[in-house]
1. Going by how many other Cβ atoms sit within 10 Å of their own, how do ASP23, ASP44 line up, fewest first?
2. Quick check on my link table: of LYS3/LYS38; LYS7/LYS279; LYS7/LYS71, which ones sit more than 31 Å apart, alpha carbon to alpha carbon?
3. Please give the length that would be gained between GLU302 and ALA75 if that part of the chain were fully extended, namely 0.36 nm times their separation in residues minus their C-alpha to C-alpha distance (nm, one decimal).
4. Rank GLY76, GLY181, GLY112 by mean-square fluctuation in a GNM of the chain with C-alpha springs under 10 angstrom and give only the top-ranked residue.
5. If I model a spin label as a point 7 Å beyond the Cα along the Cα-Cβ vector, how far apart are those points for LYS38 and LYS118 in nm?
6. Where both residues lie in segment 67-345, what percent of DSSP beta bridges are antiparallel, nearest 5?
7. Report relative contact order for segment 4-62 in percent, whole number only (criteria: Cα-Cα under 8 Å, sequence separation at least 6).
8. Summing -39500 (n - 2.57) over the DSSP H runs of n ≥ 4 in the chain and dividing by its residue number, what mean residue ellipticity at 222 nm do you reach, to the nearest 500 deg cm²/dmol?
Amino acid sequence: MAKIDLKSLSLDELKEILVQIKDKPFRAKQIYEWLHVKLVTNFDEMTNIPKQLRERLSEISEITNLTVVDKLESAGGETSKFLFRLYDGRVLESVLMRYHHGNSVCISSQVGCKMGCKFCASTIGGFERNLTPAEMLDQIYQIQRISGERVSNVVVMGTGEPLDNYDNLVKFIRILTDENGLNISQRNITVSTCGLVEKMKQLADEELQITLALSLHAPNDNVRQQLMPIANKVDISSAIKACEYYYQKTGRRITFEYSMVEGVNDLPEHARELATRIKGLNCHVNLIPVNPIKERDYRQSESKNIQNFKNILEKYRINVTIRREMGTDINAACGQLRKSYIDQTSV
């Protein structure tokens, strides 16, 4: 029989396990703290838990731990990229970004991705499997252990479509923000989606206070279909309506991610069309200079075109920023390190 994934359990679920094995339920909070606050990697480190209980737990359950395969540091020390191995040999990547306001970690939600966005390395090689809540959590825990630094912000924007792994994602968020665990504020968590409309609405009904980011990347359906296969199934109007619903239910401002691809979606007319489409929404547009990927022929927009795009949006009173490029010297864009590793090890 498969062992219980202890780190993926809520505190209440952990109490139920202890009741089932006829032990004291109050031990659950102690074990939970060892896992999610003190970030231990094995049962022997749980020094205030009776040895007999530790032995029993080790028989019926396991503690998920990712193994560090590689770690790259940007020249300025602002960005660290981690390649982790899972229990089944698959690999995933995460990024630590150091800002003046705190440390942010970008994590993966799946091994590979089935969405097929043309400018993203995450989708090359296809989808392999979903990550468990424990595997998502341990990306953060490992980084915090290795760096010795507190993580204050989490972005679920690495490899994978988070809402395609919906149940595990929501459980991950609830454990991460539990006051008995790492207790990261829900307001400091951002989940990015390419536009799974029904799941966006479902997320709105969860009564969470996280930020929802829509990977928009285009002002109209024709341009979006060139970049994102999902656009053939979900039109922009439907995705934006789902964003409006999310705002109505949560009061949280929507973020629109917009990767700037030279000659494809970065022209002045694109900016004006985008502004007209989203004007009046409580939103923020994040312009992203697209990272070059050798397997793709898309090129990053010139700086002057990105700045001009920003200026046009601002004339329409749209809140907009240009994402600061971090980690380009270590291929910090989604999927690049993992793809490089797989290429090298499969030769």
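Bear in mind that the values in this text are calculations on the coordinates, not laboratory data. As the structure is a prediction and not an experimental result, all values here were calculated from the model. Note: ideal-geometry Cβ built from the backbone for every residue, glycine included; neighbour counts use all protein chains shown.
1. ASP44, ASP23
2. LYS7/LYS279
3. Length difference between fully extended and current span is 79.4 nm.
4. Maximum among the listed residues: GLY76.
5. About 5.3 nm, to one decimal.
6. 45
7. Taking the mean separation of contacting Cα pairs over the length of segment 4-62, I get 36 percent.
8. Details: 11 runs with 120 residues, N = 347.
Computed ellipticity for the chain at 222 nm equals -10500 deg cm²/dmol.
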